[in-house]
Amino acid sequence: MTILTHPTQKRDPEIPLSRRARETRLPPNAAASLKAKALRAEGRDIIDLTIGEPDFDTPEHIKDAAIQAMRRGETKYTPAAGTQALRDAVSRKLARENELDYPARQIAIANGAKQIIFNAFAATLDTGDEVIIPTPAWSSFQDAAAFNDGTPRLVPCPASTGFKLTPEALERAITPKTRWLVLNSPSNPSGAVYNADELEALADVLRRHPQVLVLLDEIYEHVHFLPGPPASLTRVAPDLLDRILLITGVSKTYAMTGWRIGFGAGPLPLIKAMIMVQAQACSGVNAIAQAAAITALDGDQSFVERAAAAYKSRRDIVVNAFAGSPHIDLVAPDGGLFAFPSCASVIGRKTPQGRLIDTDLAFGDYLLETEGVASVNGGSFDLPGHFRLSIAADANSIEEACRRIARACARLG
Ligand SMILES: Cc1ncc(COP(=O)(O)O)c(C=O)c1O
């Protein structure tokens, strides 16, 4: 038998790509993570704080539920909407934790919250429709909007506003073409958490613009550092529920990033259209992961509290490490898996080798090359002058990373 060598091993053929494929990009945080992994593979001592992926393993009882599901033969295709049993479990979760009454038919299951966002934009955006995204923001919001022919309208929300959208800035950003406002609280990357008064003020603006839907991403709802659960627009302004898409999932809460299960709850016509998109893209999501997600939601919740306490102590390590720093300013994150310090005061300085740190990207490269600390630059979240550190790594690594960052800054001329 002769194995045929594929000709593309010798040369890449010309394949005309669609406009969408040409215009989209690899998510910048994924690119930063790949770079860190490549350096580690070369044997470098790298502390990788690029990704918001819990370092904990998925709890055993959830893994057991997946094994039992396989043994029961739950290994077949599932409905594009998700299994009835998981939609029911999400409905119970929303009643129990979020005090919201969503029947299962108003709930869609997808391959992670990320696909819920993609489906929502695919189901609603036509060319030129605008999506308001307060920045800093997770890059996938704008990339998913643009991929689906929407026009992202980025609204910078600097540290001086606690990285939060103000009602005035929202009012200014809304046009007759606005279809969506994206709100992500607790936020990736800033850790900002909107309080009830701030949400009420935004709701007042939204009431004046009934064409605007709200993509409310609460994927980090269980990771918060203030007393009591974070406020939610769903509870502050229930009159807006007919245009809110509430998004969450199991990735962060139960350390289940690789299982790929996310949920969206919203008005029936929107959910139905999103399910149609899902049906075209990939049909129902993994049957076994859905069975595991039911146990995650209905089962023992002690892991959630344990993990939240660990994130809180790691967050405190970062806050304390930069308190009083002459180089790094940090608005303490109130929730989520990241800290988003400012490096503005070191921009314009020179490395011992004479290289100018002219951008946050150059600062990130300097940290990586000289101290092996991998972060993601603020420009990747459309708020330059900052860098993002994940607190989803172990406490010792975070402590050591902060020490190395301080050392690197102290060396700048
Ligand atoms: C704000 C935000 N939403 C959604 C997601 C995606 O979550 P999932 O793993 O459920 O797709 C992430 C992941 O980093 C995120 O930061």
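Computed values, structure above
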quantity	calculated
FRET efficiency for T24 and A279, using Cβ-Cβ distance with R0 set to 22 Å, rounded to 0.05	0.45
For region 178-183, 3J(HN,Hα) per residue [Karplus equation, 6.51 cos²θ - 1.76 cosθ + 1.60, θ = phi - 60°, Hz, x = Gly/Pro]	5, 9, 9, 10, 9, 10
Accessible area of the chain belonging to carbon and sulfur atoms, whole % at 1.4 Å probe	55
Filter on K93/K177; K76/K114; K10/K114 - keep pairs with C-alpha separation over 30 Å	K93/K177; K10/K114
Mean Cα-pair separation over length for the chain, i.e. relative contact order, pairs under 8 Å, 6 or more apart, %	22
Anchor K252: aspartates and glutamates whose Cα lies under 13 Å away (excluding residues fewer than 8 positions away in-chain)	E53, D55, D57, D217, E218, E221, E305
Whole-Hz ³J(HN,Hα) from phi, Karplus 6.51 cos²θ - 1.76 cosθ + 1.60, for region 117-123, glycine and proline x	4, 4, 4, 5, 5, 4, 7
Nonlocal amide H pairs with R349, under 5 Å, H built at 1.01 Å	I357
Region 238-308-region 186-216 distance, computed between alpha-carbon centres (Å)	21
Accessible area of S345 in the full protein assembly, 1.4 Å probe (Å², nearest 10)	60
DSSP bridge orientation in the chain - percent antiparallel, rounded to nearest 5	45
Full-extension gain in nm, A323 to I347, via 0.36 nm per residue minus C-alpha separation	6.7 nm
Residues with amide H under 5 Å from that of H224, placed H, sequence gap 5 or more	G336
Fraction of antiparallel bridges per DSSP, region 60-298 only, in percent to nearest 5	30
Relative contact order (percent, whole number), region 60-298, Cα cutoff 8 Å, 6+ residue spacing	31
Bridge type composition, region 157-272 - antiparallel percent by DSSP, nearest 5	30
Zone of T370's modelled label, taken as backbone nitrogen in region 384-413 under 17 Å from a point 7 Å along Cα→Cβ	387, 401-413
Region 60-298: equivalent-ellipsoid semi-axes (sqrt of 5 x gyration tensor eigenvalues, Cα, Å)	30, 20, 15
All-pairs alpha carbon distance profile, region 154-266, 5 Å steps from 0, percent	2, 11, 21, 25, 20, 13, 6, 2, 0
Cα→Cβ-extended label distance, 7 Å offset, between A406 and I15, nm	5.0
Where labels lie 7 Å past Cα in the beta-carbon direction, separation of D55 and Q301 in nm	2.7
Potential extension, D126-R235 segment - 0.36 nm per residue separation minus Cα distance	36.2 nm
Karplus-derived 3J(HN,Hα), 6.51/-1.76/1.60, for each residue of region 192-206, Hz, glycine and proline x	5, 10, 6, 8, 4, 5, 5, 5, 4, 5, 5, 4, 4, 5, 4
Per residue convex hull volume, Cα atoms of the chain, in Å³	180
Long-range HN-HN contacts of G385 with modeled amide H, under 5 Å	D360, G378, G379
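The values are calculated or read from the model by the stated rules, or taken from the named source; none is laboratory data. All values derive from a computational prediction rather than experimental measurement. Quick reminder, even Gly has a Cβ in these numbers, built from the backbone with ideal geometry, and neighbours come from all protein chains shown. Please note that ligands, DNA and RNA were not included when accessible areas were found on the heavy atoms of the full protein model with its side chains. Shrake-Rupley method; radii C 1.70, N 1.55, O 1.52, S 1.80 Å.
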